[in-house]
1. In region 10-24, is there at least one residue being surrounded by fewer than 16 Cβ atoms within 10 Å (Cβ to Cβ), outside the structural domain of Arg168 (by TED's automatic domain parsing) and under 23 Å from Arg143 (Cα atoms)?
2. Only one of Ser84, Ser59, Ser108 is out of contact with any Ser or Thr (no Cβ under 7 Å at 6 or more places or on another chain), not β-branched (Val, Ile, Thr) and not assigned by TED's automatic domain parsing to the domain that holds Ala159. Can you tell me which?
3. For region 215-232, does any single residue satisfy the condition of being under 21 Å from Phe248 (Cβ atoms) and of a type in the set (Gly, Ala, Ser)?
4. So for region 295-316 (the condition being farther than 30 Å from Asp60 by Cβ, in contact with an Asp or Glu (Cβ under 9 Å, 6 or more places away or on another chain) and either among the hydroxyl-bearing types (Ser, Thr, Tyr) or without any contact (Cβ under 8 Å) to a residue 40 or more places away in the chain (or both)), does at least one residue qualify?
5. In region 273-299, what residues are in a loop (DSSP other than H, G, I, E, B) and either over 23 Å from the mean Cα position of the chain (by Cα) or buried (at least 18 other Cβ atoms within 10 Å of the Cβ) (or both)?
6. Pick out the one residue from Arg226, Arg203, Arg243 that is among the charged types (D, E, K, R) and under 28 Å from His333 (Cβ atoms).
7. Checking Ala326 against (1) surrounded by fewer than 18 Cβ atoms within 10 Å (Cβ to Cβ); (2) assigned to a loop (DSSP other than H, G, I, E, B); (3) in contact (Cβ under 8 Å) with a residue 24 or more places away in the chain; (4) under 23 Å from the mean Cα position of the chain (by Cα), which single condition isn't satisfied?
8. Hey, among Val253, Val224, Val220, Val236, which residue is hydrophobic (A, V, I, L, M, F, W, C), touching a residue at least 12 places away in the same chain (Cβ under 8 Å) and over 24 Å from Ile293 (Cα atoms)?
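The values are calculated or read from the model by the stated rules, or taken from the named source; none is laboratory data. If you're wondering where the values come from, they're calculated on a predicted model, not measured in any experiment. Cβ placement follows ideal geometry from the backbone for every residue including glycine, while neighbour counts extend to all protein chains displayed.
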Amino acid sequence: MDLIENKPLAPFTTFGIGGPARWFVEAATEDEIAEAAAWAGERGVPLFVLGGGSNLLVSDAGFNGLVLRVGLRGIEVPDSSEASGQTIYQVAAGEDWEHFVQRTIEDSCAGLECLAGIPGTVGGTPVQNVGAYGQEVASAIARVRAFDLRQHEYVEFAAADCGFAYRRSRFNSADRGRYVVTRVDYRLTPGGAPTIRYAELQRTIAEAQAEGREATLAEVAAVVRRIRQTKGMLLVADDPDCRSAGSFFKNPVVDEEQLAQIAAVSEKAPPRFPAGAGAENQGRVKVPAAWLIEQAGFAKGFTHGAAAISSRHTLALVNRGGATAAEILTLAHEIADAVEVRFAIRLETEPVLVGF
């Protein structure tokens, strides 16, 4: 195990913010993950698992513990995977998410095409139940393999045991900090049609149908990437709007009474979207956090020191150059406070906060 002391963490994050890790190790095998966990456990050292760094804000002081970066690589398709009419991909947690999604599109396997262009690694997708433009990984995940830091053994969870909900799973709620995801198995549909729920994607399929054909997975993924780029949520070199953690706030899920209160305060009906499956979402809808933020008086490009709201999307906070984690959080709290005062809804932060 190659242990490094006082390793800067900012370069490992899309925000480009954060102090050093007291200790740092990159694990390329499951044995190295177990070794790193044992090292931290024997010394009583806090452990943080680092993936792609795309949904992360590290404190200016850094992390006074061991940062374990998961570097496992590999994509396998078992020979028997198509026996049920679906294709199983067994993907190591350190694989680049965009690379994997593109592989499934090239294989003509449907189920992840609307999640194209999302930065980060495969291991983070079940933790946050990553979703966008009408898809969530929860609908495609078959199994998650992880190292149990409490029992010091490898375990596997069927999708039904992962506790998936909107931007949630057992890995970031009830069992936060207990498991290190090492592999995710996805069950996709070979030759399947793309998921078309988002308005701009519906226009794409309408154009294809006008030409007498069906929209392809590649076409849908291309539109998704283009949408993300217009919002500054596609990683592009030298684009200041890309120095962010993507959406900084989750879209709140509200009931009809809260929806009516929002409409009364704003004197207009707010946009609304389905809250998702599950008994907990019965009679509830999602309201765009970006709309609430704008109604609370914040516009694109609003600045606080070197921290700012993206010039292209109200939901993203960005590092304009040299921003500190303290500046980002101060701006976030200012926004959340204003929304709460106006609508009695407290926006929930989406990125993981480390070292605070």
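1. No, region 10-24 has no match at all.
2. Every option except Ser59 fails the conditions.
3. yes
4. no
5. Scanning region 273-299 gives Ala275, Gly276, Gln282, Gly283, Val287, Ala296, Gly297, Phe298, Ala299.
6. Arg243
7. Answer for Ala326: the failing condition is (2).
8. Result of the check over Val253, Val224, Val220, Val236: Val220.
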